[in-house]
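Chemist: One structure is given below, represented as structure tokens, and several questions about it will come after.
The values are calculated or read from the model by the stated rules, or taken from the named source; none is laboratory data. Being a predicted model, the structure only gives us computed values, none of them experimental. Positions of Cβ are generated from backbone atoms using ideal geometry, with glycine treated the same way; all protein chains shown enter the neighbour counts. Quick note on the areas: whole protein, heavy atoms, side chains included, nothing else; ligands and nucleic acids left out. Shrake-Rupley method; radii C 1.70, N 1.55, O 1.52, S 1.80 Å.
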Amino acid sequence: MKTPVAEIKVNGRPVASLFNERLISVTITDKEGVTSDTISCDLNDGNPFAAIPQKGDTITASLGYLETGLAFFGSYTADDPEVRCLPYGMTVNGKGANVRDQAKQHRSRHWDQKTVKDIVSQIASENGLSPIVDHEIGAQEYEWFGQQDESDLHVVERLARRHGALFSIKDGKLIFAAKGSGKSASGKDLTEVVASPANIVEGTCRTNFAYRNKYKKVKGRIQDRGKAELVEIEIESDVDGTAEYTLPEPYADEGEAGKAAKSKAEALKSETIRTSVTLFGDPSIRAGAPFRYAGVRPGIDELQFIVETATHTISKSGYTTQVEAKLKPKPASGEAKGEGGSPSNGDGAVGEAPSGGSAPPTPTIPKPVAPIGQGGIGSR
């Protein structure tokens, strides 16, 4: 029997006497990408009344078990608390990303002979954030890159789409990580999540095969100034697809168009199979981690996923983690081909895109173990 524990602090101070002892439930949602992580705490109130958190207060949270310890989930900015009266209660909400207003303001500028890391690091610094940039992606250099009447956030999102990266803001850090790598931006491996009959909450496992989302090719366009027309290049996406996807915005050169088309091809393929399941609570499960099933069903066990959203909930019923995951992206196959059907080459050329391949083999299925029971809510 393990006892779930939640440790909550407001502005750096433990608030067990007026907070955790009244805790009805706490839910933390950890999301992949730029969407803010969130926390929501439901409390009993009254006798005496707890102080109402002010907008902008900092909430920190750790979840886990009394017997095995806690895992830190991060800091959140208090936002829109709700107070209930007769009977008395309070809901405290918080968001993970604390982005200055200036990051959302539109402006125009450009960079010359700068790497992705240079651009992202400058934007992070200007907005009071510490940059953590994937080494391989960050090393790619632009002869010219422009920000044209768009916000800093939009610029970084646009770079992420072009390079198949994930952009997120967590704990005062601007993270620019390789998508589907199963690694954090600092290069550390995220813990693989294995769902089996031993840790799945019965009746919660679903896998959806969205065949209509399959695209055979992704096309990127560049402006040929000599011919005064748009020229298309294409990347193979899914051999089972029939439709073609064309990126809406034109790019400066073949290299840019090829990178963007390849990134989109991988993203589209990852959307063809999605899965969701609720597991007995595990504080090590985080968005971006590798995910797979073991001993669940043939045709499902062999698939490799990436966790897109992990929702951790502790209540008087126990501790659960709901996982939403998408198919792990694989490199798009084929070559980036121009209008004449030949691969691009020369400066800024795309050349051959990495060939696709079979997914990594499924590791040996562990022997099922009996589920561990869970007690009521604990506090610190």
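Chemist: Mind checking which residues of the stretch 274-302 are hydrophobic (A, V, I, L, M, F, W, C) and within 14 Å of Glu324 (Cα to Cα)? Working first, answer last.
Modeler: Within the stretch 274-302, the subset hydrophobic (A, V, I, L, M, F, W, C) is 277, 279-280, 285, 287, 289, 291, 294, 296, 300.
Residues satisfying the conditions are Val277, Leu279, Ile285, Ala287, Ala289, Phe291.
Condition check ((1) part of a strand (DSSP E or B); (2) in contact with a His (Cβ under 9 Å, 6 or more places away or on another chain); (3) at pLDDT 70 or above) across all residues:
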| site | (1), (2), (3) |
| --- | --- |
| Leu174 | yes, no, yes |
| Ala177 | yes, no, yes |
| Gly187 | no, yes, no |
| Pro197 | no, no, yes |
| Thr207 | yes, no, yes |
| Gly241 | no, no, no |
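Chemist: For the stretch 270-307, give me the residue count where each residue is surrounded by fewer than 21 Cβ atoms within 10 Å (Cβ to Cβ) and assigned to a strand (DSSP E or B).
Modeler: Selection size over the stretch 270-307: 5.
For every residue, the table says whether it meets (1) under 19 Å from Val194 (Cα atoms); (2) modelled with pLDDT of 70 or more.
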position	(1), (2)
Glu244	no, yes
Glu256	no, yes
Tyr293	yes, yes
Gly299	yes, yes
Leu303	yes, yes
Leu327	yes, yes
Ala332	no, no
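Chemist: Within the stretch 135-153, track down each residue that is free of Cβ contacts under 8 Å to residues at least 40 places away in the same chain and farther than 18 Å from Asp253 by Cβ.
Modeler: Gly138, Ala139
Residues checked against (1) modelled with pLDDT of 90 or more; (2) out of contact with any Lys or Arg (no Cβ under 6 Å at 6 or more places or on another chain); (3) open to solvent by 60 Å² or more (accessible area, probe 1.4 Å); (4) outside any loop (DSSP other than H, G, I, E, B):
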{"residue": "Arg107", "(1), (2), (3), (4)": "yes, yes, yes, yes"}
{"residue": "Lys114", "(1), (2), (3), (4)": "yes, yes, yes, yes"}
{"residue": "Lys117", "(1), (2), (3), (4)": "yes, yes, yes, yes"}
{"residue": "Ser121", "(1), (2), (3), (4)": "yes, yes, no, yes"}
{"residue": "Ala124", "(1), (2), (3), (4)": "yes, yes, no, yes"}
{"residue": "Glu136", "(1), (2), (3), (4)": "no, yes, yes, yes"}
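Chemist: Now, a different point. Of these, Ala228, Ala267, which one is open to solvent by 10 Å² or more (accessible area, probe 1.4 Å) and either within 24 Å of the chain's Cα centre (by Cα) or at pLDDT 80 or above (or both)? Spell out how you get there, then give the answer.
Modeler: On the way: Ala228 fails: either within 24 Å of the chain's Cα centre (by Cα) or at pLDDT 80 or above (or both).
Within the list Ala228, Ala267, the selection yields Ala267.
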